[in-house]
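Novice: Provided herewith is a single structure, encoded as C-alpha cells, for subsequent inquiry.
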Amino acid sequence: MKSSNPTWFVIRRREFLAGTAMFLFGATRVRAATIAGQLPWTPNAGAPPSRAKLGPWEFFTGEEGRAMEALADCIIPPDAETPGGKDAGCAVFVDRQLAGPYGRREGLYVRPPFQAGTKSQGPQSEKGPAQHYREALAALDRGCKAKYGERPFADLPVADKDEVLRELEKGDFKLDGIDGQSFFEQVVKDVQMGFFADPIYGGNRDMVAWKMIGYPGARYNYLDWVSRHNERFPLPPVGITGSAQWTR
Amino acid sequence: MPNSRKPVFLIAVLLTLLTVSPAFTGEPDPQEFTQIEHGRYLATAADCISCHTIPGSKPFAGGRAIETPFGNIISANLTPDLDTGIGAWSDEAFDAAVRKGIGRHGGFLYPAMPYTAYAKLSRDDVLAIRAYLGSIEPVRNNVPPTSLPFPFNIRSGMRLWNALYFDRSEFKHDPSKSAEWNRGAYLVDGPAHCGACHTAKTFLGGDKTDQYLQGSYLQGWYAPNITNDKRLGLGNWTVEDIDAYLKTGHNRITAATGPMAEAVSLSTSHMTNKDTKAIATYLKSLPGKTESVAPLPKNSATMVAGGAIYRDQCSACHGLDGRGVANLFPAIADASGARSNDPTTSIRIVLRGARSVATAREPTSPGMPSYSWQLDDTQVADVLNYIRNSWGGAASPVEAKDVSHVRSDTAARGD
Amino acid sequence: MPRRLPKKDVVIIGFGWTGAIMANELTDEGLDVIAIERGPWRDAPTDFPPTYMQDELRYRVRHELFLRPDQLTFTFRNMMSQTALPIRSWGAFMPPNGVGGGGTHWNAEMWRFLPSDFVLRTHLTERYGASFLPADMTIQDWGITYDELEPHYDRFEYLCGTSGQAGNLKGKILEGGNPFEGPRSRPYPTPPQAQPFSHTLFGKAAQELGYKPFPQPSGNLSQAYTNPLGLRLGPCTYCGFCEWFGCSNYSKASPQTTLIPYLIRKANFTARDNSEVIRINLDRSGTRATGVTFVDTSGEEWEQQADLVILSAFALFNVQLLLHSGIGKPYDPVANTGVVGRNYTHQTISTVNGFFDNRKFNFNPFIGSGSIGMCIDEFNGDNFDHGPHGFVGGGYMGQVQTGGRPIESTLVPPGTPKWGADWKKAVKDNYLSTVKPGTGVHGSFYSYRDVYLDLDPTYTDRFGRPLMRITMDLKENEIKQNKFLTDKFAEIIKAMGAEKLAVQYRKGPYDITTYQTTHVNGGAVMGTDPNTSALNRYLQSWDVPNLFVLGATAFPQNPGYNPTLTVGALAYWAAAAIRGKYLKNPGRLVDA
C-alpha cells in the first residue's frame, strides 16, 4: 500500500481560500474571501484570453461586413509585402470587439442623465460603440448611394473610397444623424488597433503587422539584447498562442 | 463495493475506559517537560500533524482522508480525548499501533500509517510522542470508519503483507559510520519516513528495497531520487544545499512544491540544523544507481521546438542559461528532479502551475503559472525534452502521450 | 442592519502600497489588523502570468487591471461655471483596483522629492517674493521636512530594492547620479538598470549640452535582490510590459513582491478582498471612528469595528470616503473655507517624439521597463532661477520610453496621413527608429483655489451615493512651465540626431480623456493649520484622531516627480508616529 499524501487537504483549503478565476475583460471574481496564513493558490489558475472564432460575422450584417472590409483595406491598403486591413483580419477584429464586452460597454459608467458637454469632458453618448457602428455604416452606405449612383461604399472604385474617407476626415462628407468625423476617427483607430493587437483577437493574422514593423511580439525576456545597441533583434514575432517555431 | 464492517478502533470507542493514565489526559505533569519536548520534536519530524489534522480544524483531531491506490484511509484522532481520541489507550496499545501496525484491540492497521518506518523508533521515542500528544488539547471528534473495498477491507490480510514487507527491527547504530551519519539514517528511515514517498513500491504497496530512495510515483506526483546519484539524484547538491532545502524549501537549485511543500512546512523546516545536516550527510552517502543516458540530439525536432518555447515562455524566470535565480526561480539546468525517468512531476507543474512552499526563512513562495491552456501535449513534451537535455543534462525522451496521461490523470484533482 | 464582525484593533481600507506597509508595521506592534480591499486578490503566477500578460489590447487599451467606472467613477468639469459630467470611461488617469493597488501596475519610478518641495511656499516666497506667485495659487508647506522623511525614503527604497545611482550621499555629490537630489543616507540598494540604445543616446546628448544626466531610479530591478523582510525579487528582463501591466517575473517592486508574502504569514493579519468600504463610522460625538461598513460582492453589508482606522485607498477614493462619511469640513472655494476636497492636483506632462534615419538607427523600442531611462533634473522644482521666466515649478525630463507596444507606439512623423498607403509605409519605416519618451517631460502641478473636489449634485453611484466631482483646469503658470520645459527637452531630442520632431506641449483645457499619469493628488492635504489642511503632519485627521489617511491625498501640491516613493515614505513616517506616539497615548498627536 502506498503511503499518505500530506498535501491533499491543505490544497483543498487553498482552493477554498483562493479561487482566483477572473473573466476576460471583465468581471472580477464572484465571491469575496478572507485570506490569511498563506498566499492563495489554485492549479490551472489564470484567465487566458479566448481566441476569436473563425467563421461568420458575429456583430455585422453581411452588408456591414463588406463595408467594414472595404474600410479596412482603405485604411491599411495591401502592398507587395504585407496584406491589407481586410486580409489581415481587421474587420473581423472590429466585429468580434463589437460583439463582445467592448461593444456592450461592459464595465463603463452608463447611468443617466446623458448631457452634451465639452470635448475635454469625454464622450457622453447614450449609445455604445456597437450602436454607433450600426448607424454609421448604414449612413455611410446611404451617403455613398446618394452621391455615387446607388452604390454602397464597398462597391465604389478604390479612388472613390479614398475620396469618401478624405472627405469624412475633413468633415465634408456628411452622414445623416451621425458625426462623420468622429466615426472616421473611430474606424481608423479600431482598424489600426486590430492590425497591431495580438492575432488571438482576429486581426494581425499570422502576425503580419508585427513582421512588417519588426516587433517581436509577446516576449518576456530581452535581457540578452538590452545592451546590444543598434543591432536588430533576430527572432521572429510570437503571439500569445505561440509561433510556428513552437511546433515540430 | 465498500463494506460496512466497522473497523476495530471504533468498537474501542464504545469500551471507553480501561487504563487511563492521568499524565496523558491533557494535564501534563510539569516534570514531564523533557519527555514532552522530545516527543514534540519527534512528532514534528514524523509529521504526524499532517495526516492527523484536517487543515483549518483542531490539530491532531484526525478524520483526514488519506488517498491510497486502494481507497481512502481515514486518520485517527490523536488527541487525548477519552472517548474519541487516544486518551484511554494504554502505552502498550499506543506503541503497538505506532511501531507494529496493530490497532488498539489487536486488529491490523493499514501501512498508510507508516509503522513500517516508525518501527525504527525506540519504545522511549514512542512514549515521548505519546507524552506530547497527551499534553495537547483533547478534541472530541468521532472519526468516520475507513472502509476500503473488498478485498482490502479484510484487515487480516495485512498479516501476510507484514510478513512480506515489514521489517520490525529497531534502528541499529552502525559503528563504522559517524554519529552524524547514524542520526541521519535514523531520521530518514524512522520518523521522517522519507521512503514512504521516495522509495518505489510493489503492486501491493511494499517497498522495493533494491530501489531505496531512488524515486517513486504516488498520487499524481513523482517523488524524485534523493540518493547521491549525479544525474537523477542529489549528486550535484552540497550538504548545504540539502540543508537549505529542508530548512527553507528553497536553495540555489530548486524549490519545494506539491507534497514536499507540506513536508517542509510542517516537518523539516522545524528540525534542528544538526538534524537537517545529518539527513544531508546520510543522503549524500547513498550511491544510487547511476545509468548513463545520451542526450537527445540538439537538432532533433523536439529539441528545436522545445528550445523556441523555452526561450519565449520560460527564460524570463529560469534564465536563458537555465540557471534561474537562487532561492527564487529553480535552476532547471541543475535540477536533477526535472530529469527524472518518470516525468510526471515536471509535466504536472508545466500544465497546472505550482506554488513553492513559504517558510519563515524563505517567505516569498514564488509560483509558476499554468501552461495547460497554452501548450498542447506535444509542446509540453518538447519543452521538457529541451529542459531535460540541455546544459549538459540528459534524460529519457518525454512523449506527447505522457503529457496526455498526466493531463487526464490530474484533471479532477484539487491539488 | 449590517452583519457585525468581531472587533479588530485596526481596520485598513485599501490593500495597496500604503495599506500593506501600515499593516506590516502595526502587526509588528502586535495589533490585530484586517485589510479590506475593494478589488480581487492578484498575484503574478495566477493573475498576470508571463503566458498572456503581454497583451496590449487587454491591459492597456481595455484597462483590464483597473477599476470599472460602472463600479465607481467621478464627474468632471474644467470650471465652476460648467456642469460636471461623468467620466464614463477612464482617460486622464487610471484608478487602480485589487490587491496591490496601483503598486501592481505602476512603472516603479522611485523619485524622492526635493528638500525645497516640502517647504514650497516659504521657499518661493523667500527667493522671489510673495507677489511672484499667482494670486489664486494655494501652494503651502507640508509640515514635514525632507530631513525628517529621509529615513523613511531610505526604508522604502530598501524594501523595494531600488536600482539607481546616488547623486548626493550625505551631502557629497557623486558623479553619475542626480546632483540636485537631497542628501541620502545610503546608496541605492542595487545598481542602475541597463539602458537601451535610445536612452543611452539621450544621456550622451544631454551631457554634450551641459546637463548632468543620470539613470532614472527604478523599482524594476537591475539584479536579484532580497529585501529586509527576506522576500526575493528577480532581475528585470526588459519585456516592455510594465505600466498598465502586472509584472510576471517578480522583478518589479510591488506590494505582492515586497510585503504581502511576508505579511500574510502573520497570525494577527487578515485580508478581505472584493469588499468595498462604503463608510467610516463615527460615534455620536463625531470625533471618533468606530470602524467601517463594507459591502461584499453578494451585496451583503458588514460592519467591522476597530480602535484605529487607516484610510489607504487610492488618493481620490480617500477624499470621496471622507466626504461620504462626514469627516472634516468640505471645501468651499467660494467662501474659501473647509479642507476636504481642497488642493487637488495632477501632473503636467508632455513629450517630444523624435524620428530618426532608419538606416542609421535601430532602437529596438520594445526593449524597456517601466522606470528605465536617462533623465536630467536641471529644470525641476526650484533647481533653476525662475525669476526671468514668470512661472514657478518644473519637472524632470528624459528618455523614459517604457517599451514599444505596437498599438500605441506606431508613430508617424508630422505631416504623414493618418491612414492609407503612405501611413502604412511611414509606420513600417519609423517603428524601429522612433524615440517616443512617453511622459518625457514630467512637470509639477501646483494647487489653486478653484481646482478642487466636492460631491456632484446629479450623478450617483451604484449605491445611490453622489459621485465625487472634479473641477480642474490647467493654469497659465503650468502651461508656461510646460512650454519652457518642453522646448528644452526638444533641444536634447534634436541633439540625439532626430531628423523630425513631434513636439507635444501640454495645453489647456485640462482634458479628462488623455492620459496624463495617474498621479492625481491632494484633496485632503497634510499641514500645520487645521484651516488649510485635513491632516496633521502625521497624516492624522484633525477631526477624528483615530483615523489616519495615507497616500498622495496628503500632498498639498504636486512636485515634478512621480509620487509613489514619497507616498510610501509618508506611510512609514505615519506608522512610526502611530507606533512611537499614538499607541502610547491615543489622541491628537498635534494640538490644533
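The values are calculated or read from the model by the stated rules, or taken from the named source; none is laboratory data. A quick note: this is a predicted structure, and the numbers were derived from the prediction, not measured. Don't worry about glycine lacking a Cβ; one is built from the backbone with ideal geometry, like all the others, and counts go over all protein chains shown.
Novice: Mind listing whichever residues of the stretch A:138-155 are of a type in the set (A, V, I, L, M, F, W, C), surrounded by fewer than 19 Cβ atoms within 10 Å (Cβ to Cβ) and out of contact with any Leu (no Cβ under 6 Å at 6 or more places or on another chain)?
Specialist: Listed by number, the list holds a single entry, A:Ala146.
Novice: Taking the condition under 30 Å from C:Ala569 (Cα atoms), more than 14 Å from every other protein chain (Cβ to nearest Cβ), buried (at least 24 other Cβ atoms within 10 Å of the Cβ) and small (Gly, Ala, Ser), does C:Gly103 pass?
Specialist: yes
Novice: Restricting attention to the stretch A:156-197, which residues are in contact with a Cys (Cβ under 8 Å, 6 or more places away or on another chain) and either over 28 Å from C:Leu411 (Cα atoms) or of a type in the set (Phe, Trp, Tyr) (or both)?
Specialist: Matches in the stretch A:156-197: A:Leu156, A:Phe195.
Novice: Exactly one condition in (1) at the interface with another protein chain (Cβ under 10 Å from one of its Cβ atoms); (2) closer than 23 Å to C:Ala44 by Cα; (3) under 27 Å from the mean Cα position of the chain (by Cα) is not met by B:Ile332; state its number.
Specialist: Status for B:Ile332: all satisfied but (1).
Every residue, every condition in (1) within 28 Å of C:Tyr158 (Cα to Cα); (2) in a helix (DSSP H, G or I), yes or no:
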residue	(1), (2)
C:Ala92	no, no
C:Gly103	yes, yes
C:Asn107	yes, no
C:Ser116	yes, yes
C:Leu120	yes, yes
C:Leu124	no, yes
C:Arg127	no, yes
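Novice: Looking at (1) charged (D, E, K, R); (2) farther than 30 Å from A:Asp162 by Cα; (3) at pLDDT 95 or above, which is the one condition that is false for C:Lys425?
Specialist: Single failed check for C:Lys425: (2).
Novice: Please go through the stretch C:257-282 and pick out each residue that is touching a strand residue (DSSP E or B) at 6+ places or on another chain (Cβ under 9 Å), in a loop (DSSP other than H, G, I, E, B) and surrounded by fewer than 22 Cβ atoms within 10 Å (Cβ to Cβ).
Specialist: C:Ile264, C:Lys266, C:Asn268
Novice: Also: Here are some residues: B:Ser57, B:Ser50. Which one is assigned to a loop (DSSP other than H, G, I, E, B), within 14 Å of chain A (Cβ to nearest Cβ) and among the polar types (S, T, N, Q)?
Specialist: Checking each option against the conditions leaves just B:Ser57.
Novice: Residues being part of a helix (DSSP H, G or I) and more than 8 Å from chain C (Cβ to nearest Cβ): count how many of those fall in the stretch A:100-134.
Specialist: Adding up the residues that qualify gives 6.
Novice: Let me ask you something else. Quick check on the stretch C:418-460: of everything there that is within 29 Å of the chain's Cα centre (by Cα) and among the basic types (Lys, Arg), which residue is surrounded by the most Cβ atoms within 10 Å (Cβ to Cβ)?
Specialist: C:Lys436
Novice: Return the residue satisfying two criteria in turn: it lies in the stretch B:170-200 and is under 24 Å from B:Phe108 (Cα atoms) and not assigned by TED's automatic domain parsing to the domain that holds B:Gln214, and of such residues it is surrounded by the fewest Cβ atoms within 10 Å (Cβ to Cβ).
Specialist: So, considering only residues that are under 24 Å from B:Phe108 (Cα atoms) and not assigned by TED's automatic domain parsing to the domain that holds B:Gln214, the one surrounded by the fewest Cβ atoms within 10 Å (Cβ to Cβ) is B:Glu170.
Novice: Further, regarding this structure: Can you pull out every residue in the stretch B:327-372 that is among the charged types (D, E, K, R), in contact with a strand residue (DSSP E or B) (Cβ under 6 Å, 6 or more places away or on another chain), under 19 Å from B:Thr248 (Cα atoms) and assigned to a loop (DSSP other than H, G, I, E, B)?
Specialist: Listed by number, the list holds a single entry, B:Glu362.
Novice: Being within 25 Å of the chain's Cα centre (by Cα), more than 10 Å from chain C (Cβ to nearest Cβ) and either part of a helix (DSSP H, G or I) or of a type in the set (D, E, K, R) (or both) is the requirement here; does A:Asp162 meet it?
Specialist: So A:Asp162 fails the test.
Novice: Kindly indicate the residue of the stretch C:221-265 that is among the charged types (D, E, K, R) and at the interface with chain B (Cβ under 10 Å from one of its Cβ atoms) and also nearest to C:Ile36 (Cα to Cα) among those meeting that condition.
Specialist: C:Arg265
Novice: Checking A:Arg248 against (1) more than 25 Å from the chain's Cα centre (by Cα); (2) within 12 Å of chain C (Cβ to nearest Cβ), only one condition comes out false. Which one?
Specialist: That leaves (2) as the condition not met.
Novice: What's the total number of residues in the stretch C:56-81 that are more than 7 Å from chain A (Cβ to nearest Cβ) and in a loop (DSSP other than H, G, I, E, B)?
Specialist: Residues meeting the conditions: 8.
Novice: Just a yes or no: is a residue in the stretch C:538-549 within 14 Å of the chain's Cα centre (by Cα) and within 24 Å of C:Pro96 (Cα to Cα)?
Specialist: Within the stretch C:538-549, none of the residues are within 14 Å of the chain's Cα centre (by Cα) and within 24 Å of C:Pro96 (Cα to Cα).
Novice: Scanning the stretch C:176-202 for residues that are part of a helix (DSSP H, G or I) and within 12 Å of chain A (Cβ to nearest Cβ), which turns out surrounded by the most Cβ atoms within 10 Å (Cβ to Cβ)?
Specialist: The extreme case among them is C:Ser198.
Novice: Counting only residues that are under 22 Å from the mean Cα position of the chain (by Cα) and within 24 Å of B:Ala278 (Cα to Cα), give me the helices (runs of 4 or more DSSP H) lying completely in the stretch B:91-193 with at least 2 of them.
Specialist: B:115-118, B:123-135, B:179-189
Novice: Condition check: closer than 30 Å to C:Tyr59 by Cα, out of contact with any His (no Cβ under 6 Å at 6 or more places or on another chain) and not in a loop (DSSP other than H, G, I, E, B). Does C:Ile407 satisfy that?
Specialist: Yes: the conditions hold for C:Ile407.
Novice: Would you check which residues across the stretch C:148-175 are among the hydroxyl-bearing types (Ser, Thr, Tyr), crowded, with 21+ Cβ neighbours inside 10 Å and assigned to a helix (DSSP H, G or I) and list them?
Specialist: Once the filter is applied, which keeps residues that are among the hydroxyl-bearing types (Ser, Thr, Tyr), crowded, with 21+ Cβ neighbours inside 10 Å and assigned to a helix (DSSP H, G or I), the stretch C:148-175 yields only C:Tyr153.
Residue-wise test of (1) outside the structural domain of A:Leu98 (by TED's automatic domain parsing); (2) in contact (Cβ under 8 Å) with a residue 40 or more places away in the chain; (3) assigned to a helix (DSSP H, G or I); (4) in contact with a His (Cβ under 6 Å, 6 or more places away or on another chain).
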position: A:Gly143; (1), (2), (3), (4): no, no, yes, no
position: A:Gln181; (1), (2), (3), (4): no, no, yes, no
position: A:Asp190; (1), (2), (3), (4): no, yes, yes, no
position: A:His229; (1), (2), (3), (4): yes, no, no, no
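Novice: Looking only at the stretch A:117-134, decide whether some residue is closer than 25 Å to A:Arg66 by Cβ, under 20 Å from the mean Cα position of the chain (by Cα), among the charged types (D, E, K, R) and modelled with pLDDT of 95 or more.
Specialist: Scanning the stretch A:117-134, I find at least one residue that is closer than 25 Å to A:Arg66 by Cβ, under 20 Å from the mean Cα position of the chain (by Cα), among the charged types (D, E, K, R) and modelled with pLDDT of 95 or more, so the answer is yes.
Novice: Could you list all residues from the stretch C:558-592 that are part of a loop (DSSP other than H, G, I, E, B), hydrophobic (A, V, I, L, M, F, W, C) and modelled with pLDDT of 95 or more?
Specialist: C:Leu583, C:Leu589, C:Val590
Novice: Still on this model: For the subset of the stretch A:231-245 comprising residues that are assigned to a loop (DSSP other than H, G, I, E, B) and over 24 Å from the mean Cα position of the chain (by Cα), which member is farthest from the other protein chains (Cβ to nearest Cβ)?
Specialist: Among those that are assigned to a loop (DSSP other than H, G, I, E, B) and over 24 Å from the mean Cα position of the chain (by Cα), it is A:Pro234.
Novice: Looking at C:Pro45, C:Pro49, which is the one that is part of a helix (DSSP H, G or I), within 14 Å of chain B (Cβ to nearest Cβ), surrounded by 21 or more Cβ atoms within 10 Å (Cβ to Cβ) and over 21 Å from the mean Cα position of the chain (by Cα)?
Specialist: C:Pro45
Novice: While we're here: Determine, yes or no, whether B:Arg123 is surrounded by fewer than 23 Cβ atoms within 10 Å (Cβ to Cβ) and within 17 Å of B:Gln35 (Cβ to Cβ).
Specialist: Yes, satisfied.
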